[in-house]
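Q: Handing you this structure, nothing more for now.
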Amino acid sequence: MKNIVIISKFRTLPSLMFLGLLAVCGSEGATAAEGAAAPSPPPAVERALANLSSNDEAVREAAIRTLIEQGDERLLPRLDAIRADADRSLRLAIKPVMDLLKNRAKLASDEPDERRSAATDLGTLGRPAAIPWLEQAAAREPNRWVRYTMEESAHLLKLASGDADARAAAVVKLGELRSQNALPALKEFARAAADPGATDEQKVLARAATEAIERIEVWATWSSAFETLFRGISLSSILLIMSLGLAIVFGLMGVINMAHGELMMVGAYATFITQECFKAYLPPDIFDYYFLLSMPISFVVAALFGLILEAAVIRFLYGRPLETMLATWGLSLVMIQAARVYFGDLTAVVAPGWLSGGVQIMVGVYLPYNRLFIIALSIVCVAGIYVLLFRSGLGLRVRAVMQNRNMSACLGIPTRKVDAYTFAFGSGLAGLAGCALTLIGNVEPGLGQNYIVDSFMVVVTGGVGKLMGTIVAALGIGGLNKLLEPSFGAVYGKVLILVLVILFLQWRPSGLFAIKGRYVE
């Protein structure tokens, strides 16, 4: 037994020695790797770090300049440590250095938004040391708009340069870039020439600045007009989806449904509830898909509300427009109050990640994804309604019942069911409009009231029962809203549009696209 222990010791000893050797080598290797990953700062930087705590302002300023020119993001932990124990003046002195180094590191980020944000911050920090960083980053930048921001920031910093030629070149370049951010500085240059003691150099710079300002302002006018047009189209898209439902209910069935806006509200709250269910019961990874599910849910829930409304109230009032209008108006008040009691005055829907952000198509023009989605949704709705009403058997029955109810009944069409389903379909479209509206606004009990008047104006102006008229009128009234709002305000703009619609109907009572033939009867 003793011999076995001795043999075991002799076998174990070389093994331990080998493992010890590996551990030493591994430790040395790890130390070497760490050393390679984090080399010591240059001596000048080390001295600058030590001089930061100096009471001599000149020494501290020299240390800050050295850190900005020779430092990088690896100094941030040490600067953080110095800042933690420093007094207020030293903390204020270190903060710009840390901001510069952080933003310099972010210029090499994989995320374009982060690179662009860093370039913007460097341009506003006003440190000429950032100019070569921005120029080098712009030279290798693949994204057009990130590169634009880097070039703009570099030239904004050059405006404060002591070199007159560099300032003049920066003024010209900023004019070519149509930089809105450069306008305050350029206007300062232009005003400087009016000083009686202005030098020739200032006058030359002022002339270049004036030309650049003109280019920028002309471009701003066009970009503003384009943005107004885009916002008008997106508002028109909401109006269009809403008005399509109303055109079916009012235009084809002749029902004045004052609760149509509240069916839109039902769709918005259905979206809100879908979002809350995703938050409460489903994994966070799939939260962004809630909006895809909320669209059919909003349509179905609003359609069910419409079906109940038609069965309980509307069907007893066909052919009696005044009573229908009063009854649906009363129902709308009940629905608003019920929503206020249950949900409160204000709730919000968070846009899914894939609809956040936007795309820049030109300088000063940024198109949000949520508004582009609404425009696409309205196009899909128009195409779907066209196919349903004019290219399907169901649409043929609907049009037959609306044109001649008695003849359709004689031919075996269930007119009662067609009425109910048509009203439910129009209500569902209002719910879908409410779902889309949550992307650009809050969910509140009275949101439908903001759109019901505009929707009626769209249907009447376009021509009752005409799909093309509804599209054209929605684009016109939505565009006019956005065009008049900046000049007259939201309220007076709507009043002016209402007056214009009344004047138009005096001239053309049947709307843009009048119904002709036997259908009129």
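Q: Look at S243 and say whether it is touching a Ser or Thr at 6+ places or on another chain (Cβ under 9 Å), touching a residue at least 24 places away in the same chain (Cβ under 8 Å) and surrounded by 15 or more Cβ atoms within 10 Å (Cβ to Cβ). Can you show your working first?
A: Values: touching a Ser or Thr at 6+ places or on another chain (Cβ under 9 Å): yes; touching a residue at least 24 places away in the same chain (Cβ under 8 Å): yes; surrounded by 15 or more Cβ atoms within 10 Å (Cβ to Cβ): yes.
The answer is yes for S243.
Q: Something else now. If you check F287, F250, which single one turns out to be part of a helix (DSSP H, G or I), open to solvent by 20 Å² or more (accessible area, probe 1.4 Å) and within 28 Å of Q360 (Cβ to Cβ)? Explain how you work it out, then say what you get.
A: Values: F250 fails: within 28 Å of Q360 (Cβ to Cβ).
None of the other options fit; the residue is F287.
Q: For the condition open to solvent by 30 Å² or more (accessible area, probe 1.4 Å) and within 30 Å of A212 (Cα to Cα), what is the one hit in A160, A170, A130?
A: After applying the criteria, what remains is A160.
Residue-wise test of (1) open to solvent by less than 40 Å² (accessible area, probe 1.4 Å); (2) over 25 Å from the mean Cα position of the chain (by Cα).
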{"site": "G431", "(1), (2)": "yes, no"}
{"site": "L437", "(1), (2)": "yes, no"}
{"site": "I440", "(1), (2)": "no, no"}
{"site": "G489", "(1), (2)": "yes, no"}
{"site": "I497", "(1), (2)": "yes, yes"}
{"site": "F504", "(1), (2)": "no, yes"}
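Q: Only one of A339, A303 is touching a Gly at 6+ places or on another chain (Cβ under 7 Å), in a helix (DSSP H, G or I), surrounded by 17 or more Cβ atoms within 10 Å (Cβ to Cβ) and in contact (Cβ under 8 Å) with a residue 24 or more places away in the chain. Can you tell me which?
A: A303
Q: Only one of these is surrounded by 18 or more Cβ atoms within 10 Å (Cβ to Cβ), over 26 Å from I273 (Cβ atoms) and touching a residue at least 40 places away in the same chain (Cβ under 8 Å): T324, T328, T347. Name it.
A: Residue meeting the stated conditions: T324.
Q: Out of all the residues in segment 70-95, which are at pLDDT below 85 and closer than 20 Å to S117 by Cα?
A: D72, E73
Q: Could you please find all residues in segment 188-211 being in a loop (DSSP other than H, G, I, E, B) and hydrophobic (A, V, I, L, M, F, W, C)?
A: Quick first cut of segment 188-211, residues in a loop (DSSP other than H, G, I, E, B) only: 193-199.
Answer for segment 188-211, where residues must be in a loop (DSSP other than H, G, I, E, B) and hydrophobic (A, V, I, L, M, F, W, C): A193, A194, A198.
Q: Of the numbered conditions (1) closer than 23 Å to A105 by Cβ; (2) of a type outside the set (F, W, Y); (3) out of contact with any Pro (no Cβ under 7 Å at 6 or more places or on another chain), S89 fails exactly one; give the number of that condition.
A: (1)
The values are calculated or read from the model by the stated rules, or taken from the named source; none is laboratory data. Just so it is clear, the structure is predicted and the values come from calculations on it, not from any experiment. Neighbour counts run over all protein chains shown; Cβ positions are idealised from the backbone, glycine included. The protein model used for the area step is the full one, side chains on, heavy atoms only, and it has no ligands, DNA or RNA in it. Shrake-Rupley method; radii C 1.70, N 1.55, O 1.52, S 1.80 Å.
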